[in-house]
Amino acid sequence: MSAEQEDSDSGFEDHSDPHLQRPHDLSLVSLPAYEVQETPKVQREPAVPLIGFVHSLLPDMIFGWQPKLIQGGPIPLLFTASTYPVSLHSTTRLPNRVLYHGFRPHNSLILHLAYSTVETYPLPTYAAVPAQYRGKQAEWEVDKRPFVGNSPDPQSDDLEFDAFFEGGNLDMAVRAENDDYDLYMRSDANTRGHNQWFHFAVSAPKPCEVRFNILNFTKPTSLYSQGMRPLVLDTEHEAQGWKPAGLLLRYHTSKLNPYADRCYYSLSFTYHFKHTRKVYFAYAIPYTYTRLRHLVTSLSLGTDLRYKRDTLCRSLSGLEVPLLTITNFSLAVSNKHAIVVTARVHPGETYGSFMMEVGSM
Amino acid sequence: MSEDRQASALRDHVVFYIVPMLNPDGVVIGNYRTGFAGVDLNRQFQQPNPILHPTVAALKALLTTRILPVHNNVTAYLDLHAHSQQKCIFMYGPHYPLHAEKYAKLRLLPKLICAKTPYFRWASCRFRNERSKQKAARLVVWKQLKLMNTFTIEASFYGYLTKDRDTVPFTEATLLEAGEGICRGLWDYLHLGDLEVAAKCTPKRKLYKVRMDSQQSPSLSPVKPCTDSPIANESTVEGQSDSSDGDSSTDDLLPADQHRLHAHIVAVTKAYNALPSPTRPKPPRVRPTVDPKSSLQPFFSGAFARKSRPKTKGKALIPTLYDPSLCLQRRDHRSVSLKEQPIRTSMRDVSPRKARDASARPKLHRQRSVNIDTRH
């Protein structure tokens with residue numbers, strides 16, 4: 001058997017021979033025609049200012065000017081930095097109907113006026129509102145949304161949403177095709193992202209099964225794809241506490257992405273409403289500022305000498321930040337070990353608070 | 001901390017400074033990560049602005065002005081967080097190179113806490129100085145305030161892994177238990193259990209001392225040990241019998257008394273360890289039962305079964321190492337190589353360094369000479 005036969009039998013071509021790979025005659029190879037274009041003389045336009053409509057203060061700061069921080073007033077809050085394709089879900093386009101617009105406080109005073117009661121927490125006192133705040137309403141304070149809260153003309157089988165409570169986070173709820181509900185989380189105040197925390201209540205007009213899509217998560221990976229489920233508090237069985245619930249769960253790229261300026265991820269799950277009472281949904285078991293205040297007051301109310309309650313400082317919007325000192329005060333302090341525990345630098349990370357609670361109990 | 005014994009011991013020896021909510025603004029409005037300044041407060045610790053980040057600035061001021069000057073030892077700084085990517089509870093700490101002294105010291109507290117609760121996972125703990133976290137609380141406190149034990153404790157948003165690698169979601173109760181585990185780990189870390197035992201033993205030791213004084217110089221110690229309590233009676237009776245060998249070199253105690261004290265400490269610690277945990281009962285220990293009919297059993301129970309060797313203490317080992325008879329045996333065993341060595345007739349042939357070595361090891365030198373003698 002010759003070598004050629006062997007090759008043909010095996011079905012392989014011999015590539016070791018360089019002549020077979022390279023074309024013998026280079027003239028056979030057709031080269032793309034090069035057309036040398038003469039660059040036309042461009043009439044240069046006058047330089048466009050890089051920053052339009054906004055005056056940069058950077059040169060002033062280089063020469064020593066410092067911006068003045070307005071103190072004593074409420075903190076302005078902006079939520080419009082990240083825009084969603086609301087036109088996709090405008091009220092005119094059926095079948096997509098906006099059912100709920102979340103609470104977007106213009107400043108911290110409006111926020112605290114909404115949430116502070118006798119039971120929750122005292123209203124922080126502000127110095128007289130600075131002159132900059134008086135007079136004409138700022139442009140970002142004008143709410144261009146047609147309504148806030150639930151839709152004024154709902155259909156009979158629409159769900160009812162609510163996120164108007166402490167720690168609540170739901171920016172928009174839309175009834176989309178196939179009776180799905182598209183939900184949007186409100187981004188963190190004065191930022192354009194960090195959408196992870198949701199906390200809202202839903203009540204159904206009749207027992208039904210509903211598919212929720214939370215469309216604007218910003219983290220590409222999540223524990224939801226490893227088996228985590230959203231936490232649910234059923235007010236009918238409130239004693240059972242927060243429980244993971246939801247079926248057919250999926251964490252995937254959002255359907256917003258063709259319209260949005262960045263990549264979002266969405267969580268889809270089905271929930272079966274068995275009754276018409278409120279059901280709370282949250283990312284993690286919530287731990288509110290009110291609960292902390294109740295804990296701290298309950299500790300300091302007793303005639304216990306083990307706890308000392310202090311106020312570390314006031315937060316940016318004027319809320320008290322408590323400091324607990326726990327030790328046996330009858331013994332000298334200086335020879336003891338000191339252990340510093342802090343929690344909730346990140347407000348969504350509620351599980352730190354639960355672990356802290358033992359230490360102070 | 002509840003009313004139990006460990007908690008009260010912790011309160012006696014430790015001052016806890018707890019800042020339970022560093023960012024109440026974000027909590028009220030329902031943010032995930034930031035406050036109202038629009039920045040992550042856990043990235044502002046390096047140079048916090050007192051107007052924009054008042055809580056962070058106040059916390060640093062608390063540490064530098066109120067805690068560090070007052071306390072001689074600030075044991076730990078713990079920052080409690082939650083993690084959105086991993087399971088279980090774990091800790092992040094600073095980095096020390098492998099052979100540094102603090103490499104092991106740093107890992108002690110996380111290891112102890114992980115041993116206390118099933119919700120902590122040692123394998124997930126990381127000790128690194130990430131570039132992205134240079135301005136975070138733990139690394140700033142570690143670097144600027146020079147504390148070693150600066151950790152963030154991260155609890156998963158999902159749950160913890162069991163031994164069978166099933167994931168169980170966290171509830172409020174399990175998280176509270178995990179927090180309790182942290183306290184128990186701290187209790188262990190500070191040796192508070194040992195302190196308790198020592199505190200129980202001190203009155204007895206004092207009693208022995210008084211008795212010793214009274215025996216040695218009765219005129220100088222008019223105060224006699226009270227004979228009402230049974231312990232005092234016992235000690236006096238035994239002390240009289242042991243008074244013949246009066247060796248009080250260590251700890252001012254008779255050897256027999258030392259022995260008794262040691263036995264007492266052992267008994268107390270045993271009883272202490274046998275006490276049930278005040279909150280969670282210890283699960284009954286289940287031994288793996290082997291089917292007697294299975295063919296593998298004789299194999300394992302026979303020659304291949306691992307026998308428990310009696311533990312020899314360090315003290316017992318030392319004499320055998322330097323036993324001259326043992327050395328002799330070894331020399332005899334290797335006598336072939338010794339034969340080839342040149343025979344030294346006098347110490348002059350030996351170089352001064354070798355002579356010094358020989359003087360440092362007199363036993364070996366003696367061996368060699370013995371061997372040479374036997375050959376002749």
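Close amide H partners of A:Asn216, meaning residues 5 or more places away or on another chain with modelled amide H under 5 Å apart, are A:Met185.
Protection proxy ranking, highest mean first, for peptides B:101-110, B:259-268: B:101-110, B:259-268, where packing is the per-residue count of other beta-carbon atoms within 10 Å, averaged. Across the range A:71-79, rounded Karplus estimates of 3J(HN,Hα) from the backbone phi angles (6.51 cos²θ - 1.76 cosθ + 1.60, θ = phi - 60°) give 9, x, x, x, 8, x, 10, 10, 10 Hz, Gly and Pro being marked x. A simple spin-label model places pseudo-atoms 7 Å from Cα toward Cβ; at A:Glu139 and A:Arg250 they are separated by 4.1 nm.
List the residues, sorted by chain then number, that are 5 or more residues from A:Ser254 or on another chain and whose placed amide H is less than 5 Å from its amide H. Amide H neighbours of A:Ser254: A:Tyr264, A:Tyr265, A:Ser266.
For A:318-331, what's the mean count of beta carbons from other chains sitting within 10 Å of each residue's beta carbon? Let's see the in-between values first.
Details: counts 3, 7, 2, 11, 5, 8, 5, 6, 9, 8, 8, 2, 1, 4.
Mean shielding by partner chains, rounded to a whole number: 6.
Non-local amide H neighbours of B:Val15 (under 5 Å, H modeled in plane, Pro and chain starts lacking H): which ones? Result for B:Val15 returns A:His337, A:Ala338, A:Ile339. Accessible surface area normalised per residue over the range A:221-277 is 53 Å², counting heavy atoms of protein chains with a 1.4 Å rolling probe.
If you wrap a convex hull around the alpha carbons of the range A:259-317, what volume per residue comes out, as a whole number of Å³? Intermediate results must be reported in sequence, preceding the final value.
On the way: hull volume 14.8 nm³, N = 59.
About 250 Å³ per residue, rounded to a whole number.
Between A:Gln66 and B:Ala173, the distance separating the two model label sites (each 7 Å from Cα on the Cα→Cβ line) works out to 5.5 nm.
For the chain pair A and B, the buried solvent-accessible surface (1.4 Å probe, both sides summed) amounts to about 8100 Å². Here the range A:170-239 has an Rg and Dmax of 13.8, 39 Å, counting Cα atoms alone.
Roughly what percent of Cα-Cα pairs across the range A:124-229 reach past 21 Å? Could you put the intermediate results ahead of the total?
Numbers: 2915 of 5565 pairs.
Tail of the P(r) past 21 Å holds 52 percent of the pairs.
Across the accessible surface of the range A:190-328, with the other protein chains kept in place and a 1.4 Å probe, carbon and sulfur atoms take up 52 percent.
Pairwise alpha-carbon distances in the range A:223-361 exceed 21 Å for 61% of all pairs.
Take every residue in peptide A:182-191, count the Cβ atoms of other chains within 10 Å of its Cβ, and give the average of those counts.
On the way: counts 0, 0, 0, 2, 4, 3, 12, 10, 7, 8.
Averaged over the peptide's residues, the number is 5.
Roughly what % of Cα-Cα distances in the range B:1-155 sit above 24 Å, to the whole percent? Summing the P(r) of the range B:1-155 above 24 Å gives 39 percent of all pairs.
Take each residue in B:169-179, count the other chain C-beta atoms within 10 Å of its C-beta, and the mean is 6.
Pairs exceeding 18 Å between alpha-carbon atoms, taken from A:Lys219/B:Lys135; A:Lys68/B:Lys60; B:Lys60/B:Lys146; B:Lys60/B:Lys143; A:Lys308/A:Lys336: A:Lys219/B:Lys135; A:Lys68/B:Lys60.
Residue-normalised convex hull volume from the C-alpha trace of the range B:50-92: 90 Å³ per residue. Considering the range B:151-195, its Cα convex hull presents a mean projected area of 4.2 nm².
Between the C-alpha center of the range B:51-113 and that of the range A:283-361 there is a gap of 17 Å.
The values are calculated or read from the model by the stated rules, or taken from the named source; none is laboratory data. Model, not experiment: these values are computed from the prediction. FYI the Cβ positions are ideal-geometry reconstructions off the backbone, even for glycines, and counts take in every protein chain you see. All accessible areas refer to the heavy atoms of the entire protein, side chains included, with ligands and DNA or RNA removed. Shrake-Rupley method; radii C 1.70, N 1.55, O 1.52, S 1.80 Å.
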